[in-house]
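Take a look at the structure set out below.
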Amino acid sequence: MRPILSIMNLSKTYAGGLQALKKVDLEIRKGEIFALLGPNGAGKTTLIGIVCGIVTASEGTVVADGHDIARDYRAARSKIGLVPQELTTDAFETVWATVRFSRGLFGKPADPKHLEKVLRALSLWEKRNEKIMTLSGGMKRRVMIAKALSHEPEILFLDEPTAGVDVELRRDMWALVRELRDGGVTIILTTHYIEEAEEMADRIGVINKGELILVEDKQALIAKLGKRQLTLSLQEPLDAIPPELSEWPLALNAEGGELEYTFDAHEEDNGIPDLLRKLEKLGIGFKDLATHQSSLEDIFVSLVARRA
């Protein structure tokens, strides 16, 4: 199946010499939720800006649902919706007027039924005649999504969609994104909330210093790079790890009160039984133990640190 979005050899160097993107290649599958992660200044916003026609690439090609964004700009742009991080909309307009105007910008004929469907899906229908300036921050965020969906795009970019919203609204937004995907919209989101990507994404991309350093199915990424940690709460703190335990990769935490063992969860012989027997032999007792699977955040921090 042809990807709905193809990014090939994409680079961007600004006038001051800053190279924001370095030969990025990426294909987005139709109907997936793709999360693009990266620290501040990694190139996420530049990448989105190029695809959405806001920033001009220095080199490379972007094709949206078969349309080149440079040679066939109008057709390509009509396939794409963008919800920017900033809440930029006319505060004195009503919700209905703002969404209707956005649809008209793309040359789409009036379609009140579609706009009503979008506003109802976003819990904005009862607010349709209210001025945007009277809405809460969360409702304004929903209006931005409604504007992006007004022209029926097949690809939706969400740039930090839940920045500055409370936890309850964030989860409502997650549910909404899933509904959009189930309705056939392909979602690409950038986020600083690692749990957001872990909760929603089908695939993860990590960008750092303008380079796309990894693209992987989420579950495969966690399985491939994730580790497990066994933490033993010791009965008596240790000043140092005894040399008799050198064959295990151990670390002392909590001022010597915790012994942490990191192991590969996929290996049949994880070394834990031997470690526990050795501890008993050495007279090192523990009062509790717990295991922890490396999260996507652990993996992200590790990947970025390697490229620092």
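The values are calculated or read from the model by the stated rules, or taken from the named source; none is laboratory data. Worth saying up front: this structure is predicted, and the values here are computed from it rather than measured. Backbone-built Cβ (ideal geometry, glycine too); neighbour counts: all protein chains shown.
Identify all residues within the stretch 42-64 that are among the small types (Gly, Ala, Ser) and touching a residue at least 12 places away in the same chain (Cβ under 8 Å); write none if there are none. Once the filter is applied, which keeps residues that are among the small types (Gly, Ala, Ser) and touching a residue at least 12 places away in the same chain (Cβ under 8 Å), the stretch 42-64 yields ALA42, GLY43, GLY53, ALA57, SER58, GLY60, ALA64. Within the stretch 72-83, the residues that satisfy the criterion of being modelled with pLDDT of 90 or more and in contact with a helix residue (DSSP H, G or I) (Cβ under 8 Å, 6 or more places away or on another chain) are ILE80, GLY81, LEU82. Of everything in the stretch 256-308 that is among the aromatic types (Phe, Trp, Tyr) and assigned to a strand (DSSP E or B), the residue that is modelled with the lowest pLDDT is PHE263. Flag: ALA64 does not match the condition of being touching a His at 6+ places or on another chain (Cβ under 6 Å) and within 27 Å of ARG178 (Cα to Cα).
Name the residue, out of LYS117, LYS108, that is in contact with a His (Cβ under 7 Å, 6 or more places away or on another chain) and surrounded by fewer than 17 Cβ atoms within 10 Å (Cβ to Cβ). Criteria check complete, one pass: LYS108. Filtered by the rule that a residue be in contact (Cβ under 8 Å) with a residue 40 or more places away in the chain, in a helix (DSSP H, G or I) and within 13 Å of PRO161 (Cβ to Cβ), the stretch 182-225 gives GLU196, ALA197, MET200. Within the stretch 144-162, none of the residues are surrounded by fewer than 21 Cβ atoms within 10 Å (Cβ to Cβ) and aromatic (Phe, Trp, Tyr).
Among residues of the stretch 1-25 that are over 19 Å from ILE213 (Cβ atoms) and touching a residue at least 60 places away in the same chain (Cβ under 8 Å), those with a beta-carbon under 6 Å from a residue that is assigned to a loop (DSSP other than H, G, I, E, B) and of a type in the set (Lys, Arg) at least six positions away or on a different chain give the pairs ILE4/LYS30. Counting the residues of the stretch 22-63 that are in a loop (DSSP other than H, G, I, E, B) and under 16 Å from the mean Cα position of the chain (by Cα) gives 9.
When we screen ILE213, ILE187, ILE222 for residues that are at pLDDT 90 or above and not hydroxyl-bearing (Ser, Thr, Tyr), the only hit is ILE187.
Given the structure, is LYS12 over 21 Å from the mean Cα position of the chain (by Cα), surrounded by fewer than 21 Cβ atoms within 10 Å (Cβ to Cβ) and not in a loop (DSSP other than H, G, I, E, B)? No. Inspection of the stretch 84-94 finds no residue satisfying the criterion of being hydrophobic (A, V, I, L, M, F, W, C) and modelled with pLDDT of 90 or more. Within this structure, ALA76 passes the test of being among the small types (Gly, Ala, Ser), buried (at least 22 other Cβ atoms within 10 Å of the Cβ) and not in a strand (DSSP E or B). Just one of the listed residues (ARG103, ARG128) is under 27 Å from GLU32 (Cα atoms) and either basic (Lys, Arg) or modelled with pLDDT under 85 (or both), namely ARG103.
With the requirement that a residue be within 17 Å of LYS227 (Cβ to Cβ), among the hydrophobic types (A, V, I, L, M, F, W, C) and surrounded by fewer than 14 Cβ atoms within 10 Å (Cβ to Cβ), what does the stretch 249-279 give you? Correct list: ALA251, ALA265.
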